[in-house]
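Report on the following structure.
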Ligand code: PLP
């Protein structure tokens, strides 16, 4: 089939806008009449720096956050790399704050051994990272924290499986979350790609207090960023791989509160971390280093940043009211697809609870004559023959998953909804 005949609902890498790919294919051969392709130019060239800076500014403009308060950095290693980076950097920031408090308490002339002993005691008594586990990806992040830090420092503040027969699909009531006092971070995944669970809004229990203090919130937004308004100022860090709503696989974006960087906070030295029995981060995962070098501490794929930049420019052109415009379209597309599923409860069952179902990854089961396997096979086969592809659920959970990312046009969602209705009737 040709590209135009297909609507691809894969969960990631996802469909990219065709016009962006057309422009990019030219840029790969000859970028801006330089005779060299975009993937061949030095990442240290002025044109590479311009591409990075424009993408940063366009992201801030589209999502409506202040570039004075937040630093945007491009990284490699995907969302998975950020599972580790978030632990290293926010535990480092916690240690730096405790270090300042200890120096304040003991006086600047205190001897080093006394400072380390006091710090060690604080680490052993109080260091915690909190995880809200609502699906396969926050579970992986939690497991990475256990691996890097050890269980004594990792608090499973909520586990959605405990309220849903061992399965994901709900979000535990926030009043039941067991949050630690002064946690180095509270981590959650805003949209669980595998399980189709999305936080309907920012969790109120994590909101900043009136005096500006409050929990240090970290969120994985890999699969719903750019699809709705985000209260960025409530977060210390949010991150996302590019390969769903932003661009091509190969770059990961972190949006980081500047007050977590020098001069406010400087990461502890490797020597100090060793004395405290805490892990030393690989340098490529140290935000402080990457930010200081405007994401060019080491070789970055400028091609992938360029694609992300083109997607952002396209969004800004399409929606004068920026992310709010895309949000309205995302909600409309999701509601059309869910309505088609709900119209035939004898055939379809949406997997997650209605209150937390995702606008981005629509997960459902298909049954006909009591047979799920056969019905889902037939559904996928028939959908594919009509150009609706990439609908198979994640291998760990099975079923059907329609990923409704930004690049799926309204007509694509309508076509899928019509197919869902028609399949139920035969
Ligand atoms: N977080 C979420 C929500 C994801 O959907 C994924 C991948 O699909 C990841 C993290 C992991 O990303 P990566 O494969 O880039 O490491």
Residue identified as touching a helix residue (DSSP H, G or I) at 6+ places or on another chain (Cβ under 7 Å), within 16 Å of the ligand (Cβ to nearest atom), assigned to a loop (DSSP other than H, G, I, E, B) and closer than 30 Å to residue 19 by Cβ among 223, 227: 227
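Taking the conditions exactly as written (touching a residue at least 40 places away in the same chain (Cβ under 8 Å), assigned by TED's automatic domain parsing to the domain that holds residue 87 and either within 16 Å of the ligand (Cβ to nearest atom) or crowded, with 23+ Cβ neighbours inside 10 Å (or both)), does residue 160 satisfy them or not?
On the way: touching a residue at least 40 places away in the same chain (Cβ under 8 Å): no; assigned by TED's automatic domain parsing to the domain that holds residue 87: yes; either within 16 Å of the ligand (Cβ to nearest atom) or crowded, with 23+ Cβ neighbours inside 10 Å (or both): yes.
Criteria not met by residue 160.
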For segment 300-320, check the following and say yes or no: at least one residue is more than 20 Å from residue 244 (Cβ to Cβ), under 23 Å from the mean Cα position of the chain (by Cα) and not assigned by TED's automatic domain parsing to the domain that holds residue 408. yes
Take residue 218 and decide whether it is in a helix (DSSP H, G or I) and in contact (Cβ under 8 Å) with a residue 24 or more places away in the chain. no
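Yes/no per residue for (1) under 15 Å from residue 238 (Cα atoms); (2) touching a residue at least 40 places away in the same chain (Cβ under 8 Å); (3) surrounded by fewer than 17 Cβ atoms within 10 Å (Cβ to Cβ):
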| site | (1), (2), (3) |
| --- | --- |
| 25 | no, no, yes |
| 39 | no, yes, yes |
| 44 | no, yes, yes |
| 48 | no, yes, no |
| 58 | no, yes, no |
| 68 | no, yes, yes |
| 82 | yes, yes, no |
| 89 | yes, yes, no |
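Would you say residue 270 is more than 16 Å from the ligand (Cβ to nearest atom), free of Cβ contacts under 8 Å to residues at least 40 places away in the same chain, closer than 23 Å to residue 331 by Cβ and not assigned by TED's automatic domain parsing to the domain that holds residue 404? Step through it out loud before you land on a result.
Working: more than 16 Å from the ligand (Cβ to nearest atom): yes; free of Cβ contacts under 8 Å to residues at least 40 places away in the same chain: yes; closer than 23 Å to residue 331 by Cβ: no; not assigned by TED's automatic domain parsing to the domain that holds residue 404: yes.
The answer is no for residue 270.
Answer yes or no: is there a residue in segment 142-152 that is in a loop (DSSP other than H, G, I, E, B) and in contact (Cβ under 8 Å) with a residue 12 or more places away in the chain.
If we filter segment 142-152 for residues that are in a loop (DSSP other than H, G, I, E, B), which is where we start, we get 150.
After this cut, where a residue has to be in contact (Cβ under 8 Å) with a residue 12 or more places away in the chain as well, the list is none.
No; the residues of segment 142-152 include none that is in a loop (DSSP other than H, G, I, E, B) and in contact (Cβ under 8 Å) with a residue 12 or more places away in the chain.
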What about residue 408, is it over 18 Å from residue 170 (Cβ atoms), part of a loop (DSSP other than H, G, I, E, B) and in contact with a strand residue (DSSP E or B) (Cβ under 8 Å, 6 or more places away or on another chain)? yes
In segment 337-346, what count of residues is obtained for those that are surrounded by fewer than 19 Cβ atoms within 10 Å (Cβ to Cβ) and touching a residue at least 12 places away in the same chain (Cβ under 8 Å)? 4
Just need a number here: residues in segment 242-267 that are crowded, with 22+ Cβ neighbours inside 10 Å and assigned to a loop (DSSP other than H, G, I, E, B). 8
Go through (1) without any contact (Cβ under 8 Å) to a residue 24 or more places away in the chain; (2) over 16 Å from the mean Cα position of the chain (by Cα) and name the single condition residue 258 misses. (1)
List every residue pair whose Cβ atoms sit under 7 Å apart, with the two residues 6 or more apart in sequence or on different chains, where the first one lies in segment 236-252 and is over 20 Å from residue 326 (Cβ atoms) and outside the structural domain of residue 290 (by TED's automatic domain parsing) and the second, anywhere, is within 7 Å of the ligand (Cβ to nearest atom) and modelled with pLDDT of 95 or more. none
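What number of residues within segment 186-216 satisfy the criterion of being within 16 Å of the ligand (Cβ to nearest atom) and in contact with a strand residue (DSSP E or B) (Cβ under 6 Å, 6 or more places away or on another chain)? Reasoning before the result, please.
The first filter runs over segment 186-216 and keeps only residues within 16 Å of the ligand (Cβ to nearest atom), leaving 187-199.
Narrowing the set further to residues that are in contact with a strand residue (DSSP E or B) (Cβ under 6 Å, 6 or more places away or on another chain) leaves 187-191, 193, 196, 198.
Residues flagged as within 16 Å of the ligand (Cβ to nearest atom) and in contact with a strand residue (DSSP E or B) (Cβ under 6 Å, 6 or more places away or on another chain) within segment 186-216 amount to 8.
Out of curiosity, is residue 269 farther than 22 Å from residue 225 by Cα, modelled with pLDDT of 95 or more and over 23 Å from the mean Cα position of the chain (by Cα)? Don't jump to the end; show me each part of the working.
Details: farther than 22 Å from residue 225 by Cα: yes; modelled with pLDDT of 95 or more: yes; over 23 Å from the mean Cα position of the chain (by Cα): yes.
Considered against the rule, which asks whether it is farther than 22 Å from residue 225 by Cα, modelled with pLDDT of 95 or more and over 23 Å from the mean Cα position of the chain (by Cα), residue 269 comes out as yes.
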Test set (1) assigned to a loop (DSSP other than H, G, I, E, B); (2) under 23 Å from the mean Cα position of the chain (by Cα) - residue 346 fails condition number: (2)
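Which members of segment 279-301 meet the condition of being assigned to a loop (DSSP other than H, G, I, E, B) and exposed (fewer than 15 other Cβ atoms within 10 Å of the Cβ)?
So the first thing to find is which residues in segment 279-301 are assigned to a loop (DSSP other than H, G, I, E, B), and the list is 279-282, 286, 293-301.
282, 293, 298, 299, listed by residue number.
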Answer residue from segment 197-206, given it is out of contact with any helix residue (DSSP H, G or I) (no Cβ under 6 Å at 6 or more places or on another chain) and in a loop (DSSP other than H, G, I, E, B) and is surrounded by the most Cβ atoms within 10 Å (Cβ to Cβ) among those: 199
Is at least one residue of segment 136-147 away from the ligand (no atom under 16 Å from the Cβ) and within 25 Å of the chain's Cα centre (by Cα)? yes
Restricting attention to segment 302-328, the residues that are free of Cβ contacts under 8 Å to residues at least 40 places away in the same chain and either buried (at least 22 other Cβ atoms within 10 Å of the Cβ) or assigned to a helix (DSSP H, G or I) (or both) number exactly 4
Search segment 115-141 for residues being part of a helix (DSSP H, G or I) and touching a helix residue (DSSP H, G or I) at 6+ places or on another chain (Cβ under 6 Å), and hand back the single one that is surrounded by the most Cβ atoms within 10 Å (Cβ to Cβ). 141
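The values are calculated or read from the model by the stated rules, or taken from the named source; none is laboratory data. Because the structure is predicted, anything quoted here is derived from the model rather than measured. Reconstructed Cβ throughout: ideal geometry from the backbone, glycine too, with neighbour counts over all protein chains shown.
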